[in-house]
Amino acid sequence: MTKTFVTDTGKTIQIGRELGKGGEGSVYEVPANHHWVAKLYNAHHQPDAQKQAKLRFMAATADKELVSYAAWPQETLHKTPNGSVVGFLMPKVSIRAPIHMLYSPAHRRQDYPNKAWDFLLFAARNTAAAFAAIHHHGHVLGDVNQGNVLVGADSKVVLIDADSFQINANGTTHLCKVGVTHFTPPELQGIASFDRVPRISNHDNFGLALLIFHLLFGGRHPYSGVPLRADAGEALEKDIQAFRYAYAPDGQQRGFNPPPKSIPISIVPDPIQAMFTLAFTENGAKGSRPTAQQWVTALDGLRGQLKRCATTPMHVYPDHLGRCPWCVLEDHGVIYFLDVQAGVTTTGTTGFVLARVWAAIEAVPPPLAIPIPNIAAIAVKPTPLPPGIQQQRMITFWRIVIVGVALWLFAVIPGAWFFVLGGAWWAWAVAGDLGGDERKTERTKRQAARDTAQQAYDQIVGRIRQEVSPEAFAKKKQDLARLRNEYQQLPEREKAEIANLHATAEARQKHQFLERHFLDAATISGVGPAKKAALRSFGIETAADVTWNKVISVKGFGEVLTRAVVDWRKACERRFVFNPKLAITEADKNAVRTKIATRKRTIEITLNAGAAELQRVRQEMINKANTLIPLLQSTSQKLAQTRKDLDVIQ
């Protein structure tokens, strides 16, 4: 192979060893300049006249901004002076990895264990800045995907494969002829070939929003979730085409709920939520997706609104949230950020003294109990019955008199049965109709009033017992007592967990081995990039994450594909060999110590604030009691009155 080439400026360039190989060609070192590398096209992908013109234009117009954000062609390479373009020189991109190595939780735990959410936010901002630089020059990336965006430990982003970008060469458009389906916007889904499809920055803005979403939401895909109807979830491309954005305010109507245990969209403020909704729904497809520069501005603003969790320093989140979202997820068994900054601390170094702290907690008195009135002892006068009902009471009296007289006549006058029957008929058939309906109506009315008063009374009494009683206060203190007991047991728990490392050594080694086998690097029949993105959205990234039930629960994975993924895991397991010499390492012990120390620090923070929190709760209960006592008195009086009113008409 030729080792010497000529640049478009006439310089002679020697190339060195091959650094990497792709579909179109290979990249080689340039010994004379370690800041450059040379890309040479292979025999099957020699640039045609149009591609040569594109490369010449890119090299001629390279400026500081483009070179800062992209592996932009610097000079074209030729076998002979003024010959055909066979390659080009570009800046060397080193110590950087594809962006998915950062936004994938499994990759990040291994490759960037000390990077928290603020770093991901900064990387998202820098990704937007790189896109903005390309768009500022009138160009379009076209083939946006997770492989052509590289990020370093300094969060700087560099775009690669620049020779595939869509270039505007003074009015002549050199198209980008490739694309990745799960990064293709809805309006371009289903296109068989991009050979004749000019793209615009709004198409790039879809891919940019997708990368930002991946970074901020743990690698989840915005169009993947729990399907709510039969046509959702079968194929990621179809869900993108149908605008089934799972995190939209109307996501359920679109056919999805977010995946279980995923980062909630509420972690970002409302304006940024709205930007994602615009990027991933119909209005954005009409040309109004947030631009790269708008993302830079918005993410810069968000970076100024962050705070750090008091319990776990690795937990960084926006200050509009009342509680640390990462702690909430950890409560559900989902760990996004390992607290590698945590050290092993002792009570002595923190100044925490349990006895003193608990004495302060015990010194907070409960609120006084609110006496509940005895309804029967409340003196009230019944509300008088309406006049018609008073008449009915007289009718009842005369019923008794008439029947009594009729019975007397029957007893003293033989054959007086006629008077008995006649009197009874009149007492019930005639006199009984007078005022009966009115009495029933009044009784129903008074029963309804009594029931309403009883309900109001029960509600107030229930609130008092649940919210402001000494028992409710005692429950708050019991929560602190449970933490105190757990704190006292932490040393024994640490010893037990370190001792248990022996029993779990092989399982832990196997798990660590499987965690190093990533799905995105695996070749599994029928499981391409879109299917892998769906699995990643459900937290399945490595062989360690794979189980039959977890995979088959992802829509689009029937028995055949699930078996293929599970078989891949089994193939990985067969390569595992247990090393007894590494059964328990000092790192394993330190991991336990760090976990216990972190829990210890968490409890100390909570107990230190315990007395002040109980004082706050007590005062809140007193304030609430001052509101509830007048309501209790009025509802008690009302209930006593309605009960007495009902008694007089029973």
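The values are calculated or read from the model by the stated rules, or taken from the named source; none is laboratory data. Computed from a predicted structure; not experimentally measured. Cβ: placed from backbone, ideal geometry, glycine included. Neighbour counts: every protein chain shown. Keep in mind that these areas ignore ligands, DNA and RNA; they rest on the heavy atoms of the full protein, side chains included. Shrake-Rupley method; radii C 1.70, N 1.55, O 1.52, S 1.80 Å.
At a glance:
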quantity	calculated
Options VAL67, VAL27, VAL6: the member that is of a type in the set (A, V, I, L, M, F, W, C), on the phi < 0 side of the Ramachandran plot, open to solvent by 10 Å² or more (accessible area, probe 1.4 Å) and more than 47 Å from the chain's Cα centre (by Cα)	VAL6
Counted residues, the range 605-637 - those being within 30 Å of GLU492 (Cα to Cα) and either of a type in the set (Gly, Ala, Ser) or within 28 Å of the chain's Cα centre (by Cα) (or both)	6
Set GLU467, GLU559: member being acidic (Asp, Glu), at negative phi and open to solvent by 80 Å² or more (accessible area, probe 1.4 Å)	GLU559
Lone unmet requirement of (1) outside any helix (DSSP H, G or I); (2) open to solvent by less than 50 Å² (accessible area, probe 1.4 Å); (3) over 17 Å from ALA106 (Cβ atoms); (4) among the aliphatic types (A, V, I, L, M) for ILE540	(3)
Hits in the range 586-604 - residues which are among the polar types (S, T, N, Q) and more than 29 Å from the chain's Cα centre (by Cα)	ASN590
Hits in the range 261-280 (condition: in contact with a His (Cβ under 9 Å, 6 or more places away or on another chain) and at pLDDT below 95)	LYS261
Residue within the range 30-39 that is more than 30 Å from HIS517 (Cα to Cα), among the aromatic types (Phe, Trp, Tyr) and open to solvent by 40 Å² or more (accessible area, probe 1.4 Å) present	yes
Filter pass, ALA499 being open to solvent by less than 60 Å² (accessible area, probe 1.4 Å), within 26 Å of ARG599 (Cβ to Cβ), assigned to a helix (DSSP H, G or I) and not aromatic (Phe, Trp, Tyr)	no
Subset tally (residues that are in contact with a Gly (Cβ under 9 Å, 6 or more places away or on another chain) and closer than 11 Å to ALA70 by Cα) for the range 123-175	6
Test: LEU236 is modelled with pLDDT of 95 or more and either over 28 Å from GLN293 (Cα atoms) or within 22 Å of the chain's Cα centre (by Cα) (or both)	no
Subset of the range 509-522 (residues that are open to solvent by 50 Å² or more (accessible area, probe 1.4 Å) and either modelled with pLDDT of 95 or more or not polar (S, T, N, Q) (or both))	LYS510, HIS511, GLU515, ARG516, ASP520, ALA521
Filtered residues of the range 251-273 (kept if more than 15 Å from LEU215 (Cβ to Cβ), assigned to a helix (DSSP H, G or I) and open to solvent by less than 60 Å² (accessible area, probe 1.4 Å))	GLY251, ARG254, SER266, GLN273
For ASN145: the one exception among (1) over 20 Å from GLY25 (Cβ atoms); (2) within 24 Å of the chain's Cα centre (by Cα)	(1)
Odd one out for HIS174, checked against (1) closer than 12 Å to SER201 by Cβ; (2) over 30 Å from the mean Cα position of the chain (by Cα); (3) of a type outside the set (Val, Ile, Thr)	(1)
Matching residues in the range 122-156 - criterion: being out of contact with any Leu (no Cβ under 9 Å at 6 or more places or on another chain), crowded, with 21+ Cβ neighbours inside 10 Å and assigned to a strand (DSSP E or B)	VAL140
Hits in the range 481-506 (condition: touching a helix residue (DSSP H, G or I) at 6+ places or on another chain (Cβ under 6 Å) and either of a type in the set (Gly, Ala, Ser) or within 12 Å of LYS589 (Cα to Cα) (or both))	GLU494, GLU497, ILE498, LEU501
Test for TYR41: is it over 44 Å from the mean Cα position of the chain (by Cα), at pLDDT 95 or above and aromatic (Phe, Trp, Tyr)	yes
Selection count, the range 453-481, where residues are closer than 21 Å to GLY610 by Cβ and in contact (Cβ under 8 Å) with a residue 60 or more places away in the chain	10
Top-ranked residue in the range 285-329 [being in a helix (DSSP H, G or I) and open to solvent by 70 Å² or more (accessible area, probe 1.4 Å); ranked as farthest from ARG199 (Cα to Cα)]	ARG303
Within the range 75-121, strands (runs of 3 or more DSSP E) holding 3 or more residues that are more than 27 Å from LYS307 (Cβ to Cβ) and open to solvent by 10 Å² or more (accessible area, probe 1.4 Å)	85-91, 96-98
Hits in the range 572-592 (condition: open to solvent by 30 Å² or more (accessible area, probe 1.4 Å), in a helix (DSSP H, G or I) and modelled with pLDDT of 90 or more)	GLU573, ARG574
ARG493 being within 21 Å of ILE372 (Cβ to Cβ), open to solvent by 60 Å² or more (accessible area, probe 1.4 Å) and in contact (Cβ under 8 Å) with a residue 40 or more places away in the chain	no
ALA625 open to solvent by less than 70 Å² (accessible area, probe 1.4 Å), out of contact with any strand residue (DSSP E or B) (no Cβ under 7 Å at 6 or more places or on another chain), closer than 19 Å to LEU514 by Cβ and assigned to a helix (DSSP H, G or I)	no
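Rundown of residues vs (1) open to solvent by 60 Å² or more (accessible area, probe 1.4 Å); (2) part of a helix (DSSP H, G or I); (3) not hydrophobic (A, V, I, L, M, F, W, C), yes/no style:
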position: ARG439; (1), (2), (3): no, yes, yes
position: ARG443; (1), (2), (3): yes, yes, yes
position: ARG446; (1), (2), (3): no, yes, yes
position: ARG450; (1), (2), (3): yes, yes, yes
position: VAL461; (1), (2), (3): no, yes, no
position: PHE473; (1), (2), (3): no, yes, no
position: ARG482; (1), (2), (3): yes, yes, yes
position: GLU486; (1), (2), (3): no, yes, yes
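So that you can scan it fast, the table gives a plain yes or no per residue for (1) of a type in the set (S, T, N, Q); (2) closer than 22 Å to GLY25 by Cα:
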| site | (1), (2) |
| --- | --- |
| GLU75 | no, yes |
| THR80 | yes, yes |
| SER94 | yes, yes |
| ARG108 | no, no |
| ASN114 | yes, no |
| PHE119 | no, no |
| ALA130 | no, no |
| ILE160 | no, yes |
